[in-house]
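Visitor: Here it is, the structure, as structure tokens.
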Protein chains: 2
Amino acid sequence: METATSDTNPRSLIASDRVIGTDVRRPDGERVGTIERLMLDKKSGRVAYAVMSFGGFLGLGEGYHTLPWSVLRFEPELDAYVVDITEAQLRDAPPRSPEGTDPSQDRDWEEHVHRYYNATPYWGI
Amino acid sequence: METATSDTNPRSLIASDRVIGTDVRRPDGERVGTIERLMLDKKSGRVAYAVMSFGGFLGLGEGYHTLPWSVLRFEPELDAYVVDITEAQLRDAPPRSPEGTDPSQDRDWEEHVHRYYNATPYWGI
């Protein structure tokens, strides 16, 4: 029996203010940071990156990472986004400034960060 | 000669906090509202809608409209998003609640609102 509000609805929306401020955790539940902002690709209307702030997690100092949106998976039971990357990957991840400077102006950096996280480039899909 | 920071770069990003709170204007510059939040399609990572608040513009009462993202065009010289729709279209536009209830659960409403604004459905591209 089909219901209009089924969780299997392939089209399911989330409000930006439900995303921003949400925790980012590893698959084991460990909190690694918080989503500060999204970076949108103007041309396609696609979310390209999430800028994650961290501080005090994993012994890392305060800072920001720009994560390809496709590596984040929302887990309702954790009320968090989960990134399936190792602690070592997070430690050595390419850092970005908190201002969210447009990374699309630096194609080499974009290609590097997508390879780093083994993420599908948002401009190729 | 190619420059890495050229404005013609086809990939150009904008931060979500640069979008939220930004004015929405008509092509003649008249302000009609402010972007309150974005509604993201979880599956595709695409921005599906912008929720616009209005109040006191065009003699309309306070309220919210959910606009298909594809009808909004950022105009740097106005520092605003421009919607090329008439005052009559805005007056009669399908209203939505301020809470940004997930409209993807109501397929008829989604099809109606995209037809209303003559917008390309985000789920079909």
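Visitor: Can you name the residue in the stretch A:78-95 that is without any contact (Cβ under 8 Å) to a residue 40 or more places away in the chain and in a loop (DSSP other than H, G, I, E, B) and is also most open to solvent (accessible area, probe 1.4 Å) among such residues?
Guide: Top of the filtered list is A:Asp92.
Visitor: Output the residues belonging to the stretch A:31-46 that are without any contact (Cβ under 8 Å) to a residue 60 or more places away in the chain and either at the interface with another protein chain (Cβ under 7 Å from one of its Cβ atoms) or out of contact with any strand residue (DSSP E or B) (no Cβ under 6 Å at 6 or more places or on another chain) (or both).
Guide: Kept after step one, since they are without any contact (Cβ under 8 Å) to a residue 60 or more places away in the chain, are these residues of the stretch A:31-46: A:31-35, A:38, A:40, A:42-43, A:45.
Once the filter is applied, which keeps residues that are without any contact (Cβ under 8 Å) to a residue 60 or more places away in the chain and either at the interface with another protein chain (Cβ under 7 Å from one of its Cβ atoms) or out of contact with any strand residue (DSSP E or B) (no Cβ under 6 Å at 6 or more places or on another chain) (or both), the stretch A:31-46 yields A:Leu38, A:Leu40, A:Lys42, A:Lys43, A:Gly45.
Visitor: If I go through the stretch A:68-122 residue by residue, how many of them are at pLDDT 80 or above and closer than 13 Å to A:Ala48 by Cα?
Guide: Going through the stretch A:68-122 one residue at a time, the tally reaches 13.
The values are calculated or read from the model by the stated rules, or taken from the named source; none is laboratory data. Quantities reported herein were computed from a predicted structural model and do not represent experimental measurements. We place every Cβ from the backbone using ideal geometry, glycine too, and count neighbours over all the protein chains shown. All accessible areas refer to the heavy atoms of the entire protein, side chains included, with ligands and DNA or RNA removed. Shrake-Rupley method; radii C 1.70, N 1.55, O 1.52, S 1.80 Å.
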